[in-house]
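Beneath this line is the structure, given in structure tokens, with notes to follow.
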Amino acid sequence: IVAWPDSFRQQRQMNRLQSGYAALQKGLLALQLHDTAGAARQAKQAVHLLPDHAFAHYLAAEVATQQTDPARAEHHLHQARTAPDGDALGLVGLLRAALARGDSARALDLARQLRQAMGLT
């Protein structure tokens, strides 16, 4: 009886992770199938369930990009950068956005940061 709360909490956390990864997988698939509405639903779910996961924020940023909401996309890319092991992924997204805008100075700065983050300096 004493261990039950810990066991319940661990099982709940495991279910949350599994649901988050499933939402991430479905969202990436929906994105590839150009189902923006479906990808948006799954991205919202993934970010809710996996708030510290870089790929959840990257998915949300890609959805925001398809919905032409650059401010929200940039927000999620910055969130991805703060996630553990998400710095390079966030930088790649920000670099792609800078290139799409034609902001070559920002793109060059981000490319340098990406090289450094990947240990290529």
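In table form, for the structure just shown:
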item	result
First in the stretch 57-81 and within 21 Å of G20 (Cα to Cα), second anywhere and charged (D, E, K, R), Cβ under 8 Å, 6 or more apart	A60/K44; A60/R72; A61/R72; A61/E74; A64/R72; A73/E62; R81/D87
Neighbours by Cβ (under 7 Å, 6+ apart or cross-chain): first from the stretch 101-115, farther than 20 Å from D69 by Cβ; second loosely packed, with under 13 Cβ neighbours inside 10 Å	R115/T121
Qualifying residues in the stretch 64-121 (those that are among the β-branched types (V, I, T) and under 28 Å from H34 (Cβ atoms)) - the one most open to solvent (accessible area, probe 1.4 Å)	T68
Members of the stretch 14-30 that are of a type in the set (A, V, I, L, M) and closer than 13 Å to K44 by Cβ	A23, L24, A30
Selection within the stretch 2-43 - exposed (fewer than 15 other Cβ atoms within 10 Å of the Cβ) and either among the aromatic types (F, W, Y) or at positive phi (or both)	W4, F8, H34
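The values are calculated or read from the model by the stated rules, or taken from the named source; none is laboratory data. Because the structure is predicted, anything quoted here is derived from the model rather than measured. FYI the Cβ positions are ideal-geometry reconstructions off the backbone, even for glycines, and counts take in every protein chain you see. Side chains included, ligands, DNA and RNA excluded: accessible areas come from the protein's heavy atoms. Shrake-Rupley method; radii C 1.70, N 1.55, O 1.52, S 1.80 Å.
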